[in-house]
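What follows draws every value from the coordinates through simple rules; no lab data is involved. None of the values given here were measured: they were computed from a predicted structure. No Cβ is skipped: glycine too gets one built from the backbone with ideal geometry, and neighbour counts run over all protein chains shown.
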Amino acid sequence: MEQSEVDIFIARVGERVQTLRIQLGISQRELSLRADLDIHQVQRIEKGEHSPTLTTLLKVAQGLGVDVLSLLRFDEDAEAVT
């Protein structure tokens with residue numbers, strides 16, 4: 001995988017996290033508290049500036065009340081947070 005593909009993937013994960021967070025109606029600060037992460041880390045993930053570890057992805061997913069797979073569903077048919 002080329003570096004630009006990796007960058008695109010990381011950006012898409014960040015966009016997905018942001019979309020799910022907004023659908024849930026919570027702030028970045030609330031997500032950081034729920035996920036036990038620093039708010040700056042959440043901000044960097046959403047901006048695609050940070051490649052989260054699997055552990056961080058799990059924490060984010062738990063903070064959003066979804067499974068990790070939901071963070072990787074980029075298609076328009078992806079399930080929304082209920």
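Per-structure values
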| quantity | calculated |
| --- | --- |
| Per DSSP, loop trypsin sites (Lys or Arg not before Pro) in segment 13-82 with at most 15 further Cβ within 10 Å | ARG73 |
| Calculated [θ] (222 nm, deg cm²/dmol) that DSSP helices of n ≥ 4 give over the chain, each run adding -39,500 (n - 2.57) | -20000 deg cm²/dmol |
| Answer label, with percent of Cα pairs over 17 Å apart calculated from the coordinates and candidates [x] 52; [y] 38; [z] 68 | [y] |
| Sorted by Cβ density within 10 Å, fewest first, the residues SER51, SER27, SER32 | SER27, SER51, SER32 |
| Sum of side-chain charges, LYS59 neighbourhood, beta-carbon under 12 Å (Lys, Arg +1; Asp, Glu -1) | -1 |
| Estimated dipole of the chain in Debye, rounded to 20 [Cβ of Lys and Arg +1, of Asp and Glu -1, Cα centre] | 360 |
